[in-house]
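To start, the structure itself, in structure tokens.
The values are calculated or read from the model by the stated rules, or taken from the named source; none is laboratory data. Nothing here was measured: the structure is a model prediction, and the numbers come from that model. Heads up, the Cβs are rebuilt from the backbone with ideal geometry, glycines too, and the neighbour counts pull from every protein chain shown. Protein only, heavy atoms only, side chains kept; ligands, DNA and RNA dropped before computing areas. Shrake-Rupley method; radii C 1.70, N 1.55, O 1.52, S 1.80 Å.
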Amino acid sequence: MSTISKSDSEFEAIRPVVASPGEVRVEPPERVGPRVTIVVFLMAFSFLNHSNRTSMAIAGDGWLLDQFHLSPTELGAIYSAFLFAYTAAMTPGGWLVDRIGPRLSVGLVGLITGVLAIGTGAAGGLASTAGMLLLSLTLIRGAMGMASAPLYPGAGAAVVSWVAPGRRVTAMSLIVCAAPIGIACTFLVFGPLLRWLGGPGAFAVQGLVTASVAIGWLIYVSDRPKEVRTVLEPSSREPVGGMVPVWALLRNRSLVLLTLCYATVSYFEYLFFYWMHYYFQTVLKLPAELSDTYSTYLPMSLAVGIPLGGWLSDRLSETLGARRARALVGAGGMIASAGLLWLGLLASSPGWIVTWFSLAMGVIGLTEGPIWMSSVEIGGKRGGLSGAICNTGGNAGGTLAPFLTAVVGERFGWPAAISLGSLFCLVGVASWIWIDPEERIA
């Protein structure tokens, strides 16, 4: 088989790699323009998806409580509907990515969530009773959670198809870091939009923007670069012997350990997302405006740490190899975040407390890229499903954090509840000893 010759200024030569008899795997070319566009599109999806999630909480405080007098418990049920459905649909979403490809699966995420965002506003405008509104929003937000499940497994599969190995962790980190940026920006944009247009109008704008990005993605993007499709031999386009069964993924040591590790990382992050504002305002008794400001620092710090971790992993891989580099960045970030969290708990000045907490949140972000890219690469042809399995574990750990933190805080005090984040991190560190991102399943 021969490669296709292109000018050096356009991209590097495509090198075929013999993976197994009857199969030839070709790494993506180094064309900067399309690669950057793909990553920017996926960052937009990540940003908008988390903006769609966060906007519901803003609408709950500024619209549903005032107009429909829903209780905090009823609002919590609406918020949880998204998270539970998202977690339950994660593995089927990864299966879908492997079946229909990243282009269509990610595009459908954008289109469906855009329509459901519009439906969220419409439900508030059309509901005549609080009970009707509660039922409709629970169903709509649950459906949005299910529709969102293929997003990150699809993004990982697209990165593997379009980005060369030495840049993949950086690319995936940029996509993931758009999520906390979306969370932070939603407070600045959606709140004023809600006051200006009302609930139905604000959600309509958000839904139309999301759907428009999805349409652009479907028009522009393909599952893999044209040059790679051309080079692939017919015998290598389909998995030899069929798709690897799910049980083979669940028996892979590296994937199982990555999943457990991601559960501990997500516990740490969700602890900050759900309880830090309460800790600042109610436990430390800081003014409301200062608590709002401090709470914004945390996701922004995470947004800085995530791409930094991706960049460090890719740079260190050049000299240490992928396994050692990702373990060093991942385990090092988890150990440092555990220590920084303790420094925040021991500090007495609010300024130092938020400084240590923000650094802890930023450092835990170093682990996101190595975990995500390793989970997708380990799956090989089933990278969407393997990434989804890892993300399911992550969301399970994240789902545990809000509940367990409250229970421990009420019984043993809030410093003990917050310190659990450090304990979870240290438990997850040991996983990196046996995680090998170069261990391919398919």
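The table for this structure:
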| read-out | value |
| --- | --- |
| Number of the condition not met by Trp196 [criteria: (1) at pLDDT below 85; (2) in a helix (DSSP H, G or I)] | (1) |
| Val363 farther than 19 Å from Gly333 by Cβ, of a type outside the set (Asp, Glu) and touching a helix residue (DSSP H, G or I) at 6+ places or on another chain (Cβ under 6 Å) | no |
| Check on Ala416, within 19 Å of the chain's Cα centre (by Cα) and either loosely packed, with under 14 Cβ neighbours inside 10 Å or of a type in the set (A, V, I, L, M) (or both) | no |
| Residue list for segment 346-384, filter: surrounded by fewer than 18 Cβ atoms within 10 Å (Cβ to Cβ), in contact (Cβ under 8 Å) with a residue 12 or more places away in the chain and of a type in the set (A, V, I, L, M) | none |
| Condition check for Thr319: part of a helix (DSSP H, G or I), farther than 30 Å from Glu438 by Cβ and open to solvent by 10 Å² or more (accessible area, probe 1.4 Å) | no |
| Verdict on Ala327 being more than 16 Å from Arg168 (Cα to Cα), open to solvent by 10 Å² or more (accessible area, probe 1.4 Å), modelled with pLDDT of 90 or more and over 19 Å from the mean Cα position of the chain (by Cα) | no |
| Residue match in segment 164-187 (condition: small (Gly, Ala, Ser), more than 30 Å from Glu318 (Cβ to Cβ) and part of a helix (DSSP H, G or I)) | yes |
| Residue identified as under 19 Å from Thr138 (Cα atoms) and under 18 Å from the mean Cα position of the chain (by Cα) among Val109, Val97, Val115 | Val109 |
| Answer from Val176, Val109, Val160, Val97 - the residue that is farther than 21 Å from Thr210 by Cβ, β-branched (Val, Ile, Thr) and touching a residue at least 60 places away in the same chain (Cβ under 8 Å) | Val160 |
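Yes/no matrix, rows are residues, columns are (1) hydrophobic (A, V, I, L, M, F, W, C); (2) in a helix (DSSP H, G or I); (3) open to solvent by less than 20 Å² (accessible area, probe 1.4 Å); (4) under 20 Å from Val39 (Cα atoms):
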residue: Met56; (1), (2), (3), (4): yes, yes, yes, no
residue: Gly60; (1), (2), (3), (4): no, yes, yes, no
residue: Leu64; (1), (2), (3), (4): yes, yes, yes, no
residue: Leu83; (1), (2), (3), (4): yes, yes, no, no
residue: Val106; (1), (2), (3), (4): yes, yes, yes, yes
residue: Val109; (1), (2), (3), (4): yes, yes, yes, yes
residue: Leu116; (1), (2), (3), (4): yes, yes, no, no
residue: Met144; (1), (2), (3), (4): yes, yes, yes, no
